[in-house]
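What follows is a single structure, written as structure tokens, with notes after it.
Please treat every number below as a calculation from the coordinates, not as lab data. Note that this is a predicted model, so its numbers are computed, not measured. Virtual Cβ from ideal backbone geometry, glycine too; neighbours counted across all protein chains shown.
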Amino acid sequence: MQTPYELILGWRYTRAGRATRRNGFISFISGVSMLGIALGVAALIIVLSVMNGFQKEVRDRMLGVLSHIEVFEPGGQAIPNLADTLAIIERHPEVLGAAPFVGAQALIARGEDMKGALVRGIDPALEPKVTDLVADLADTVLPRLVPGEFGVILGGELARSLGVGTGDTVTLIAPSGQVTPAGVVPRIRQMTVVGTFDSGHFEYDSALALLHQDDAARIFRVEGPTGVRVKIKNLHEAREVAIAIAADLDPGLLVRDWTRQNRTWFAAVQLEKRMMFIILTLIVAVAAFNLVSTLVMTVTDKRADIAILRTLGASPQSIMGVFMVQGAMVGIIGTGAGLLLGLGVAFNIDTLVPALERLLGASFLPQDVYLISRMPSDPQQGDILPVGLISLALSFVATIYPSWRASRVNPAEALRYE
């Protein structure tokens, strides 16, 4: 089976042309077009992989503190029929664990320092089933939460801002007070710091305080847990599972998955990712459309060759096919090289960035400024495949006009001065 001559000529025009200075320049321009496409594709893959990695890293740290799904009573009161609610939730096949909690806001004071805190009353026996952070504390400070002793576990940043450590005493001030002849007086309780934690997420390390749920219920005057935290098998199916659980529960209970708890942050990340995709795709487009100038110069240089092929019986469609093959080869090679370069950097960014930081003596992600101190990367097929397809499509589109011009060359005009 013979290879079509259009493919042979197109490949020859792509790689050859170094015998003369003029053809060598055209070959150089083809190489520049390939390099531009490769760098554009690589940049797009690297940036999207880093953004995916950053989103995954922050999401995992959030879910180390948060649960996949929360069921709660909207008025902040105790959930009625807690046992039945837990049984319904745990009956769902996707649920790995469920744990009740008491959620409230309060002030924590130490001397003249006072900080707002998100107080969470937990069951030390059940909470490790739904929260990775608490699971890490299960063998250390979590057993120190004994009902009736009013111990508290503070986030590391919150403890440092108050200047307290394990064994120190803090004052917890509940916002809803009790009515006395002197007016409404806030409820105040002395708490003993039994430990601290660091989740790696500043928002929670600086505001979260963990109590035993019985102590929290006494302080905030509720009859029992105000919500249930749920962990499921696949966090990406949290919304579907939350809808299924809500359909089986009492209509008076609210069900919220982790994507709704941080909706603004995740929406901002997705918007930024889309904009970066569009901006970097324009870089690929500019590199791809450099093929237009390359092919126009090639067509001008090969007018005599085109005329000879036409006189030998080549059809205009065949001439057009020769130059489309040349442009497609440049696009395919450039896209392939860009994919290899981008994936090579994306999969090894955890070693390349520290080496570059040591070489330059700089830190790209200072820990005191950013949520994470290392450059994460998470290449995903859903990003890589569109990048390759768009690059190839732009390259093919860029070849159409110069190839059409080549097919319109008049043999008599081209050979007149040869």
Within the chain, how many lysine pairs that are 8 or more places apart, or on different chains, have C-alpha atoms less than 19 Å apart?
5
Compute and list, largest first, the equivalent-ellipsoid semi-axes of segment 247-381 from the alpha carbon gyration tensor, each √(5λ) rounded to a whole angstrom.
50, 25, 13
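Summing +1 for each Lys or Arg and -1 for each Asp or Glu, what net charge is found among the other residues whose Cβ lies under 13 Å from the Cβ of P386?
Numbers: positive: K273, R274; negative: D383.
Overall, the nearby charge balance is +1.
Sorted by mean Cβ packing within 10 Å, highest first, what order do the peptides 99-111, 40-52 take?
Numbers: 99-111: 19.8, 40-52: 22.8.
My ranking of the peptides, most packed first, is 40-52, 99-111.
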List the pair-distance distribution P(r) of segment 282-353, using every Cα-Cα distance, as the percent of pairs falling in each 5 Å bin from 0 up to the bin containing the longest distance, rounded to whole percents.
3, 13, 18, 17, 13, 11, 8, 6, 4, 3, 2, 1
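Given 0.36 nm per residue, what is the gain on full extension from D250 to Q105 after removing their alpha carbon distance, in nm? Provide the component values of the computation, followed by the final result.
Values: separation 145, 0.36 × 145 = 52.20 nm, distance 2.53 nm.
Working it through step by step, the gained length comes to 49.7 nm.
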Cβ under 15 Å from K115's Cβ, K115 left aside: what net charge do those residues give with Lys, Arg +1 and Asp, Glu -1?
-4
Local net charge near D214, Cβ-Cβ under 12 Å (Lys/Arg +1, Asp/Glu -1):
-3
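Restricting everything to alpha-carbon atoms, can you work out Rg to Rh for segment 118-223 with a Kirkwood hydrodynamic radius? Could the numbers behind the result be given before it?
Values: Rg = 14.1 Å, Rh = 14.3 Å.
Reported Rg/Rh (Cα atoms, Kirkwood Rh): 0.99.
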The percentage of Cα-Cα pairs in the chain separated by more than 27 Å is 65
Most mobile of I349, I232, I278 per a Gaussian network model of the chain (Cα springs, under 10 Å)?
I278
Quick one: Debye curve from the C-alpha atoms of segment 238-308, no solvent, what's log10 I(q)/I(0) at q = 0.11, 0.12, 0.16 Å⁻¹?
-0.58, -0.62, -0.78
GluC sites (Glu not before Pro) within segment 112-171, DSSP loop, no more than 10 other Cβ atoms inside 10 Å:
E112
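Counting helices only, and only those DSSP H runs with n ≥ 4, report the 222 nm mean residue ellipticity of the chain as the sum of -39,500 (n - 2.57) divided by its residues, in deg cm²/dmol to the nearest 500.
Details: 15 runs with 227 residues, N = 418.
Mean residue ellipticity, 222 nm, calculated: -18000 deg cm²/dmol.
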What FRET efficiency do you get for I283 and R187 if R0 is 60 Å and r is their Cβ-Cβ distance, rounded to the nearest 0.05?
0.50
Report the relative contact order of the chain, percent, no decimals, based on alpha-carbon pairs under 8 angstrom and at least 6 residues apart.
28
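Ranked from highest to lowest mean number of other Cβ atoms within 10 Å per residue, what is the order of the peptides 329-336, 89-96?
Packing proxy ranking, top to bottom: 329-336, 89-96.
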Give the peptides 252-258, 201-207 in descending order of average Cβ contacts within 10 Å, highest first.
201-207, 252-258
What do you get for the angle between helix 316-347 and the principal long axis of the chain? Use alpha-carbon atoms, 0 to 90 degrees, nearest ten.
30
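Can you bin segment 197-281 into rounded, prolate or oblate? Criterion: square roots of the alpha carbon gyration tensor eigenvalues sorted a ≥ b ≥ c, rounded for a/c under 1.5, prolate for a/b above b/c, oblate for the rest. Provide the component values of the computation, followed by the final result.
Working: a/c = 3.03, a/b = 1.54, b/c = 1.97.
It is oblate, given that a/c is not under 1.5 and a/b is not larger than b/c.
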Can you tell me the Rg and the Dmax, both Å, for the Cα atoms in segment 105-163?
12.6, 37
